[in-house]
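Worksheet: the structure to be examined is printed underneath.
The values are calculated or read from the model by the stated rules, or taken from the named source; none is laboratory data. Everything numeric here is computed off the predicted structure, so don't read it as measured data. Here Cβ is always computed from backbone atoms with ideal geometry, including for glycine, and neighbour counts include all displayed protein chains.
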Amino acid sequence: MYTFKYIPNTKRDTDNFNISSLLKVKTAPIIPLPEEIVDEVTLGDGTTSYRHTGVYKDRKITIECSFLKNSKESWLDNFSAIKRCFKNQQGLLYLVSDDSSHYFKVKNIDIEIDSRFHGVGSEFKINFTCDPFRYLIHFARPYSLVTGKTIQLNNQYEKAYPIYRVYNTSTNAKRIGIYCGNNVVYIDNPFEAYFDTHEEIYTVTYFDVDTENGYMVTHYKSPSKGYTLERYTTIKTSGSFENIALQEGVNDVYCVVDVGALKIDILRNYREL
């Protein structure tokens, strides 16, 4: 039997629901080849000039499913659970039966109902719009970086855009520098607490420097109430996020901090077409 696994980016109460026990995949999905965006220009002599952009279109992966229950009420309850599972619309897609070495990053999800019979069963399509690249599971685990120590990351694949996850282990730090080769991104006052309109104090647990999307997201927690909070910003940063991406070949990566030492994880995001 063909199987797949979808993991949403945002955890919810329904994440532990066993969707695979409900869905039966009718046929293995067709995985489209990566398609480059090519600009075509017709010249005066009637010939065509092509400009290869090096940018690829999103991949659309459609999985045809069905499920059957023994009553209308059970069908409604379980179909609601299925819709909730894919409601987040962003996450990771694993095609377990086809490729055990890669996963896809899902950007959007659309569900099409093909049929419903006798009120107890349905056939439908789940359309996953994905990043054009396949990401390597083998390199999905975070790679640890110690402040002041240079590491070498050998990227034998396409240019990769890592996430640098920096934990609040040096509360008094005023400036952090993340280097990749001769390029650097600085973060000022990285662990500064946040005060909301009710004067609730949120302290920083960690922050992510996202080189692909070009921003920093800080994760806060309220010590008194346990609430969590995320804030997206580039105000505290200087330097190009693009320049600390991982090029093909050997990359020298290190981090410096003015006070104390930091715990840093690198989510490498190694990928190929």
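Please state which of the following conditions residue 155 fails to meet, knowing it meets all the rest: (1) within 20 Å of the chain's Cα centre (by Cα); (2) of a type in the set (S, T, N, Q); (3) farther than 29 Å from residue 214 by Cβ. Against the list (1) within 20 Å of the chain's Cα centre (by Cα); (2) of a type in the set (S, T, N, Q); (3) farther than 29 Å from residue 214 by Cβ, residue 155 comes up short only on (3).
When the residues of the stretch 68-106 are filtered to those that are assigned to a loop (DSSP other than H, G, I, E, B) and more than 19 Å from the chain's Cα centre (by Cα), the one that is farthest from residue 2 (Cα to Cα) is 71. Take the conditions (1) surrounded by 15 or more Cβ atoms within 10 Å (Cβ to Cβ); (2) under 25 Å from residue 101 (Cβ atoms); (3) over 22 Å from the mean Cα position of the chain (by Cα); (4) at pLDDT below 85; residue 19 misses just one of them, which is (3). Scanning the stretch 45-85 for residues that are surrounded by 12 or more Cβ atoms within 10 Å (Cβ to Cβ) and at pLDDT 85 or above returns 56, 58, 59, 60, 61, 62, 63, 64, 65. Residue count for the stretch 20-67 satisfying the condition of being in contact (Cβ under 8 Å) with a residue 12 or more places away in the chain, among the polar types (S, T, N, Q) and either under 25 Å from residue 78 (Cα atoms) or outside any strand (DSSP E or B) (or both): 4. Of the conditions (1) surrounded by 15 or more Cβ atoms within 10 Å (Cβ to Cβ); (2) without any contact (Cβ under 8 Å) to a residue 40 or more places away in the chain, residue 120 fails just one. Which one is it? Against the list (1) surrounded by 15 or more Cβ atoms within 10 Å (Cβ to Cβ); (2) without any contact (Cβ under 8 Å) to a residue 40 or more places away in the chain, residue 120 comes up short only on (2).
Here the condition is being among the aromatic types (Phe, Trp, Tyr) and more than 20 Å from the chain's Cα centre (by Cα); of 232, 186, 206, it holds for 186 alone.
For the stretch 153-167, residues that are out of contact with any Ser or Thr (no Cβ under 8 Å at 6 or more places or on another chain) and in a strand (DSSP E or B) total 6. Is it the case, given these coordinates, that residue 170 is without any contact (Cβ under 8 Å) to a residue 60 or more places away in the chain and not in a strand (DSSP E or B)? Judged against the criteria, residue 170 is not a match.
Could you look through the stretch 68-86, keep only residues that are among the charged types (D, E, K, R) and free of Cβ contacts under 8 Å to residues at least 40 places away in the same chain, and pick out the one that is farthest from residue 126 (Cα to Cα)? Checking each candidate, the answer is 73.
Hey, any hits in the stretch 210-225 for a residue that's over 23 Å from residue 181 (Cα atoms) and among the small types (Gly, Ala, Ser)? There is at least one residue in the stretch 210-225 that is over 23 Å from residue 181 (Cα atoms) and among the small types (Gly, Ala, Ser). The listed residues are 259, 253, and the only one of them that is of a type in the set (Val, Ile, Thr) and buried (at least 18 other Cβ atoms within 10 Å of the Cβ) turns out to be 253. Across the stretch 136-152, the number of residues qualifying as in a strand (DSSP E or B), surrounded by fewer than 20 Cβ atoms within 10 Å (Cβ to Cβ) and touching an Asp or Glu at 6+ places or on another chain (Cβ under 9 Å) comes to 5. Kindly provide the set of residues from the stretch 228-273 that are more than 23 Å from residue 57 (Cα to Cα) and free of Cβ contacts under 8 Å to residues at least 40 places away in the same chain, ordered by number. Selection gives 228, 229, 230, 231, 232, 233, 234, 235.
Does residue 199 count as part of a loop (DSSP other than H, G, I, E, B) and free of Cβ contacts under 8 Å to residues at least 12 places away in the same chain? For residue 199, the condition - part of a loop (DSSP other than H, G, I, E, B) and free of Cβ contacts under 8 Å to residues at least 12 places away in the same chain - is met. Of the strands (runs of 3 or more DSSP E) lying entirely inside the stretch 209-271, those containing at least 1 residues that are aromatic (Phe, Trp, Tyr) span 215-221, 228-233, 249-257.
Among the residues of the stretch 122-146, those identified as within 24 Å of residue 27 (Cα to Cα) and of a type in the set (D, E, K, R) are 123, 125, 131, 134.
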